[in-house]
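The values are calculated or read from the model by the stated rules, or taken from the named source; none is laboratory data. Everything numeric in this text was worked out from a predicted model, so none of it was measured. A quick note on method: Cβ atoms are made from the backbone with ideal geometry, for glycine too, and the neighbour counts reach across all protein chains shown.
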Amino acid sequence: MSTNEALLTLEGWYTYHDFRKINWEKWKKATPEERNAAVDELQGLLKAWDANEQEQAGSTAVYSILGHKADLVFMFLRPTMQELDAIKTAFNKTKFADFTEVDYSYVSVVELSNYVHNPGEDPKSNPHVRERLYPTLPKWEHICFYPMNKKRDGQDNWYMLTMQERAEMMRSHGMIGRKYAGKVKQIIGGSVGFDDWEWGVTLFANDPLEFKHIVYEMRFDEVSARYGEFGNFLVGNRVTAESLQAMLQV
Ligand code: 76R
């Protein structure tokens with residue numbers, strides 16, 4: 001069988017999702033001075049990440065995570081993997097990090113799969129494309145993250161389909177997605193070669209029910225119904241400097 005045409009993908013900022021658990025036992029046992037110093041240092045990092053976003057040299061989102069899988073997620077978008085690595089190291093050197101454990105993380109790069117592109121046009125010169133490759137993460141109330149693959153299983157092998165078949169299914173996928181314009185903002189991170197799944201899906205919404213609705217609706221659409229394989233789902237609430245202070249108050 002012949003090799004199929006690989007899709008042209010466009011890549012933007014590198015992304016790192018750092019999911020942390022707080023060791024509450026250790027945190028409660030620390031002295032108020034130790035806790036204050038740790039919180040001050042963390043607030044300093046939040047300010048630095050904010051300044052980076054103001055300079056449009058990246059974007060950062062911090063959310064508290066429900067359930068047992070994690071307590072916080074720090075999501076970073078930066079131009080290079082070196083910057084992501086430096087952020088991770090700087091974070092791990094803080095006092096606050098001593099009270100946390102990394103339970104999960106995800107590395108990817110913001111990806112637009114270019115099923116509909118105009119030949120001859122340089123997509124990166126299009127401001128709408130640039131806005132999506134180098135996005136400022138929305139300050140919406142909720143986040144949802146999950147990794148996914150497209151199946152390679154006997155007759156259901158996404159990578160053996162023709163470009164036309166894939167483009168048709170992705171058109172249908174995009175039509176469903178568009179119905180959620182203004183309600184769900186999605187960042188697709190391509191992670192082939194970087195992490196354990198092929199994509200990391202990050203969704204933002206002000207109403208968490210929109211996550212349930214979009215994911216459920218997409219389950220009936222062929223590309224997800226037939227080819228989608230999904231990892232763990234994590235959902236959370238937006239954290240601000242003030243709410244973080246309150247969360248860490250003992
Ligand atoms: O980029 C575009 O807007 C064009 C249409 C489009 C593409 C190519 C699009 C639109 N997506 C694309 C690619 Mn998507 N997306 C997901 C999920 O849970 C599930 O079943 C799937 C998880 C959601 C919720 C979602 C939302 N999308 C992709 C890819 C890469 C596939 C490939 O290359 O093979 C994945 C893995 C993926 C998964 N998608 C949209 C949305 C939404 C809300 C839209 C509309 C965006 C808009 O119009 O602004």
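Here are the numbers for the structure shown:
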item: Residue match in region 114-131 (condition: in contact (Cβ under 8 Å) with a residue 12 or more places away in the chain, more than 16 Å from the ligand (Cβ to nearest atom) and among the basic types (Lys, Arg)); result: no
item: Residue satisfying condition, being over 22 Å from Glu131 (Cβ atoms), in contact with a helix residue (DSSP H, G or I) (Cβ under 8 Å, 6 or more places away or on another chain), surrounded by 13 or more Cβ atoms within 10 Å (Cβ to Cβ) and at pLDDT 95 or above, within set Ile65, Ile22; result: Ile22
item: Long-range neighbours under 7 Å by Cβ, at least six apart or interchain, first residue under 21 Å from Asp156 (Cβ atoms) within region 166-183, second acidic (Asp, Glu) and more than 8 Å from the ligand (Cβ to nearest atom); result: Met169/Glu222; Ser172/Glu222; Ile176/Glu217
item: Failed condition for Thr89, given (1) among the β-branched types (Val, Ile, Thr); (2) in contact with a strand residue (DSSP E or B) (Cβ under 9 Å, 6 or more places away or on another chain); (3) away from the ligand (no atom under 16 Å from the Cβ); result: (2)
item: Leading residue by the ranking (surrounded by the fewest Cβ atoms within 10 Å (Cβ to Cβ)) among those in region 149-171 that are within 10 Å of the ligand (Cβ to nearest atom) and closer than 30 Å to Ala205 by Cβ; result: Arg171
item: Cβ pairs under 7 Å, 6+ apart, first in region 214-237 and within 8 Å of the ligand (Cβ to nearest atom), second part of a loop (DSSP other than H, G, I, E, B) and of a type outside the set (Phe, Trp, Tyr); result: Ile214/Val184
item: Residues being of a type in the set (Gly, Ala, Ser) and touching a residue at least 24 places away in the same chain (Cβ under 8 Å) - total across region 68-96; result: 2
item: Residue in region 184-204 that is more than 11 Å from the ligand (Cβ to nearest atom), in contact with a Ser or Thr (Cβ under 6 Å, 6 or more places away or on another chain) and aliphatic (A, V, I, L, M) present; result: no
item: Pairs with Cβ under 6 Å, 6+ apart, first in region 47-62 and assigned to a strand (DSSP E or B), second polar (S, T, N, Q); result: Ser59/Thr136
